[in-house]
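What follows is one structure encoded as structure tokens, with my remarks underneath.
Just so it is clear, none of the values below were taken in a lab; they were calculated from the coordinates. Just so it is clear, the model here is predicted, and its values are computed rather than measured. Quick reminder, even Gly has a Cβ in these numbers, built from the backbone with ideal geometry, and neighbours come from all protein chains shown.
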Amino acid sequence: MTATTGTFSLGDKSVEMPVKTGTIGPSVVDIGKLYGQTGMFTYDPGFTSTASCESQITYIDGDEGILLYRGYPIEQIAEKGDFLETCYLLLYGELPTRVQKSDFDYRITRHTMVHEQMARFFGGLRRDSHPMAVLCASVGALSAFYHDSTDITDPSQRMVASLRLIAKMPTLAAMAYKYSIGQPFMYPKNDLDYCSNFLRMCFAVPCEDYKINPILTRALDRIFILHADHEQNASTSTVRLAGSSGANPFACIAAGVACLWGPAHGGANEAALKMLLDIGTVENIPKYIARAKDKNDPFRLMGFGHRVYKNYDPRAKIMQRTCHEVLNELGLKDDPLLSVAIELERIALSDEYFIEKKLYPNIDFYSGITLKAMGFPLSMFTVLFAVARTSGWIAQWKEMIEDPGQKIGRPRQLYTGAARRDYRAIAER
Ligand code: CMC
């Protein structure tokens, strides 16, 4: 990082502020001393012009449609790497050697089981709970079961908590699913890779053998890679903010899961598929396009648009290919939903409204169709996103805790409420 200074005029005041430049991407004005010098705060609700931290993990160029994990393009990682290698890269900063990779895989695999009492914890929740509600609760509960990795000042406990979270999320996610359909929980199986194991925990039953389909395993692995990290998005910022107070990592990841649940963030894949099901046939598309463009209609094309990407989301391209591979493998290439999606994408990409506002398909546009074809119900889509994003959340949390300059995140506000006034007794109101 390099730093220079910039001079800004605010009314009749001239203020000098450090300007910091990273490796790539926009420079930032360090406004840390602005209040002290001018008595003013900056105002940026939605953080559209605010860098909330310094990070070395993920880089996005939204105008060019570029996504890098630790400098490596997402396209190369998705094609040549695997999800656990991606987790290693995000956590440690470098790609693992062969020995490091097999050691990491081994350690993750040995942490996949959850405390047996967790099964009873699930029993306290309603069967018809949304699996995200169950995931929020069960991830938060991990801190009640794994006290020996909640001391955030101990680097080895931080690493154990990180490995536990990456390893146990698929187990909890699969348990949330099994619980919702009333089937017995399936224990993890240590001779399987991460994604085969997860698919088996979701779709196997104890009374039958389960056959691994390598095409589906690879597709899920790629979906996990694509969702692993995405810079300072809402849920990652939530994890960082929760962690900045010194909260334990399990509690911080539970906060991230809660934030991810919203339809403008991780819930969009569920919303995008629901929308495709609502549209139903290609003939109905113009009606929905018209609604999306109507200022008086709150409807939006789900799976379209992104706060940062003002170009085709690079993850969406890979997702589209993966979607075709999965549907081909399952003999579903004539799925009417896919036809609706392809046609909707074609019409939207040639429509003036979408072109002018730079609204392109995002990752969620094709992920829903793919996951549905694999057998996941709608309610599990965001859960799968959470399983993958845990790797990014925990890497970002660790980076923050290990930053010597780290302090509690505490934004200020523009107060527009009542000015000072005197209390009146209830009888006088
Ligand atoms: N359909 C129709 N119009 C849209 C859409 C859409 N999907 N997205 C944005 N617009 C319009 C919006 O009405 C606004 O128009 P105007 O300037 O005339 O008021 C303009 O485009 C800018 O929208 P914005 O809401 O100010 O942009 P934002 O950066 O705050 O929102 C977004 C980004 C992702 C929340 C939004 O595009 C959206 O709601 N998309 C649908 C939901 C979705 O697919 N979310 C998944 C995001 S990717 C997964 C992830 O990373 O979590």
query = Going by how many other Cβ atoms sit within 10 Å of their own, how do 244, 235, 162 line up, fewest first?
reply = 244, 162, 235
query = Can you give the relative contact order of the chain as a percent, counting alpha carbon pairs under 8 Å and 6+ residues apart?
reply = 19 percent
Residues 44, 364, 128 arranged by fewest to most Cβ contacts within 10 Å = 128, 44, 364
key: Å³ per residue enclosed by the Cα convex hull of segment 49-136   = 183 Å³
Quarter of the Cα convex hull surface for the chain, i.e. its orientation-mean projected area (nm²) = 27.1 nm²
request  = Report, please, the projected area of segment 114-223 averaged over directions, based on the convex hull of its C-alpha atoms, in nm².
outcome  = 7.8 nm²
About the Cα centre, charge dipole magnitude for the chain (Lys/Arg +1, Asp/Glu -1 at Cβ), debye = 1040 debye
note = Note to self, the chain gives a 222 nm [θ] from helices alone (DSSP H runs n ≥ 4, -39500 (n - 2.57) apiece, / all residues, nearest 500) of -16000 deg cm²/dmol
inquiry  = Can you tell me the length gained on complete extension of the stretch residue 324 to residue 358, counting 0.36 nm per residue apart and subtracting the Cα distance?
reply    = 9.7 nm
Loop-resident sites, segment 230-301, for chymotrypsin sites (Phe, Trp or Tyr not before Pro), counting at most 16 other Cβ within 10 Å (DSSP) = 299
query = How large is the dipole of segment 240-310 about the Cα centre if only Lys and Arg carry +1 and Asp and Glu carry -1, each at its Cβ, rounded to the nearest 20 debye?
reply = 280 debye
task = Fewest Cβ neighbours within 10 Å first, please rank 53, 136 accordingly.
result = 53, 136
ask   = What are the residues whose amide H is under 5 Å from the amide H of residue 66, where those residues sit 5 or more places off or on another chain and H is modelled from the backbone?
value = 61
task = Report, please, the projected area of segment 34-83 averaged over directions, based on the convex hull of its C-alpha atoms, in nm².
result = 5.4 nm²
ask   = If you build a Gaussian network model of the chain, linking Cα atoms that sit under 10 Å apart, which residue out of 192, 220, 68 swings the most?
value = 192
remark   = Projected onto the charge dipole of the chain (unit charges on the beta-carbon of Lys, Arg, Asp and Glu, signs +1, +1, -1, -1), the Cα from 405, 360, 280 with the largest positive-side position is that of 405
inquiry  = 5 Å is the cut-off here: which amide hydrogens, built 1.01 Å from N in the peptide plane, fall below it relative to residue 362, excluding neighbours closer than 5 in sequence?
reply    = 304, 305
key: Set 178/358; 80/407; 13/407; 101/189 screened for pairs whose C-alpha atoms are more than 31 Å apart   = 178/358; 80/407
message = Pick from 406, 56, 157 the residue whose mean-square fluctuation is largest in a GNM of the chain, springs joining Cα atoms under 10 Å.
response = 406
message = I'd like to verify something in the chain: which complete DSSP H helices, judged by Cα projection on the helix axis, reach 24 Å or more and average at least -0.5 on the Kyte-Doolittle scale?
response = 155-181, 381-401
